[in-house]
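Read the structure below first, then the notes.
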Amino acid sequence: MDEDRCRSGILFAVPKKKIAVVPGDGIGKEVIPQAVSVIEATAALVEFTHFDWGADRFLKDGTTIPADGFQMLAQNFDAIFLGALGDPRVSSNIHAKEILLGMRFKLDLYANVRPVKLLDEGLCPLKNVKPDDVDFVVIRENTEGVYMDMGGLFKQGTPDEVATQEDINTRKGVERVIRFSFEYAKRNGRKKVLMSDKSNVMTYAGGLWQRVFKEIAKEYADIQTQHMYVDALCLQMVRDPESLDVIVTNNMFGDIVTDLAAALQGGLGMAASGNIHPGRTSMFEPVHGSAPAIAGKNMANPMGAILSGAMMLRHLGLTAEAEKIEAAVLGAVQQKKTTVDVGGAMGTRECAEWIRDRVSQA
């Protein structure tokens, strides 16, 4: 039976949060199990169910995700913990597309949230930058834009070939992610929301983003607002990251700028993310790819996965458990109990074990 809690002298059972785990491919199969073990060390009231969706399953029987998979995830789980997807044995990458983009689109996970926080100045490639100087969040629209796979080819394979790729922006989609960003800022004590686009060139889509941003900003008078073209934002991330707080942008620009942002915190191995629809089953994943070149070599940095796990716990209301994990990761960085990419000498397992031991002692 789940752990009993007492309120006003009455014992009642606290239900466990149910989490679906999909390790994926490559290093995902290494770092996600390690992150799960760290979460288990917090004694959080969670229950994991593991799924084998990925390249191995696809190559075995052609399954990317079962026909009822997305419905089952939405109905039976509070969150999804996903590893990286991609395998050179599947040249079309169809399994990765159907699983990852399928989750984002079919579960309508419209807000991709990527915290960018520097834990130690030694991890940042910029000069004279302290941890307090890099502490912002990028919120990326996650279900529209050029990622909707709308377009086509004409005269393919000829010198006159034409390719089109449509950028889809709806009033509903733009409004809800911008409102999410203001609510995120309000809920987390953030003072500024910056909207980034390329409206000087992409005038129709950018015009919609501009109008909606200005309208919603009027409802949040206590939050400062700012606009930057996406190229100027990239410059600002390098020149003055301290000025940034909450950034909201479209799907493609968000995908690009978050890789630059990850470099400020020590690389993709340190980067966590959540794919969120408030009130619904949401998905959490490290930002890095499946890295087949180092898969199975005990080299991958598990911290992005571990921090994604902490982000998931916080989303589920398990704040104390999330804080234990975040403190342990900070301790590992400060004491260089890390993998080689961030200055340590440990392997994937050893780094995760150090963090897990610290969490269990907290």
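When Lys and Arg each count +1 and Asp and Glu each count -1, what net charge do the other residues less than 11 Å away from G151, Cβ to Cβ, add up to? Walk me through the numbers on the way to the answer.
Numbers: positive: none; negative: D149, E166, D167.
Neighbour charge sum, excluding G151 itself: -3.
Where Rh is the Kirkwood radius over the Cα pairs of the chain, the temperature 37 °C and the viscosity 0.692 mPa s, what D in µm²/s does Stokes-Einstein return? Answer, rounded: 153 µm²/s.
Over the stretch 238-283, what lengths in whole Å, largest first, do the semi-axes of the equivalent ellipsoid take, defined as the square roots of 5 times the eigenvalues of the alpha-carbon gyration tensor?
On the way: eigenvalues 96, 37, 23 Å².
Semi-axes, largest first: 22, 14, 11 Å.
With a cut-off of 8 Å between alpha carbons and a minimum separation of six or more residues, what is the relative contact order of the stretch 23-147 in percent? Once divided by the residue count of the stretch 23-147, the mean separation gives 24 percent. Taken over the alpha carbons of the stretch 135-264 as equal point scatterers, the Debye sum produces base-10 log I(q)/I(0) values at 0.19, 0.20 Å⁻¹ of -1.05, -1.14. In terms of other Cβ atoms within 10 Å, H315, H288 run from fewest to most in the order H315, H288.
The mean of 1/r over all distinct Cα pairs in the stretch 267-362, once inverted, gives the Kirkwood hydrodynamic radius of 13.7 Å.
Using only Cα coordinates, the Kirkwood hydrodynamic radius of the stretch 71-149 works out to 15.6 Å.
Divide by every residue of the chain the summed helix terms, -39500 (n - 2.57) for each DSSP H run of at least 4, and state the resulting mean residue ellipticity at 222 nm, rounded to the nearest 500 deg cm²/dmol. It would help to have the intermediate numbers written out before the result.
Working: 11 runs with 133 residues, N = 362.
Taking each H run of at least 4 residues, the total per residue is -11500 deg cm²/dmol.
Bridging of K218 to lysines at a Cα separation below 30 Å is possible for K117, K172, K186, K191, K192, K198, once same-chain residues fewer than 8 apart are set aside.
Cross-link partners of K127 among aspartates and glutamates, defined as those whose alpha carbon lies under 15 angstrom from its own and excluding same-chain residues fewer than eight positions apart: D240, E242.
With contacts taken as Cα pairs under 8 Å at a separation of at least 6 residues, the chain carries a relative contact order of 22 percent. Between the stretch 220-280 and the stretch 181-200, the C-alpha centres lie 9 angstrom from each other.
Could you pull out the longest piece of the chain with no exposed loop GluC sites (Glu not before Pro) in it, calling a site exposed if DSSP puts it outside H, G, I, E, B and it has at most 15 other Cβ atoms within 10 Å?
Details: sites that count: E3, E161, E166, E219.
That would be 4-160.
Rounded if a/c is under 1.5, else prolate if a/b beats b/c, else oblate: with a ≥ b ≥ c from the C-alpha gyration tensor eigenvalues square-rooted, which is the stretch 12-74? Oblate shape, in that a/c is at least 1.5 and b/c is the bigger or equal ratio. In plain terms, the residue of S243, S37, S308, S91 with the fewest other Cβ atoms within 10 Å comes first and the most crowded comes last, giving S91, S243, S37, S308. Counting only lysines at least 8 places from K17 when in the same chain, those with an alpha carbon closer than 24 Å to its own are K29, K106, K324.
Checking every one of the trypsin sites (Lys or Arg not before Pro) in the stretch 79-182 against DSSP loop status and a limit of 13 other Cβ atoms within 10 Å picks out R89, K127, K155. Which of A35, A345, A300 moves most in a GNM of the chain, Cα contacts under 10 Å? Largest GNM mean-square fluctuation: A345.
Bear in mind these aren't lab numbers, they're just calculated from the coordinates by the rules spelled out. Small disclaimer: the values here were computed from a predicted structure and weren't measured. Backbone-built Cβ (ideal geometry, glycine too); neighbour counts: all protein chains shown.
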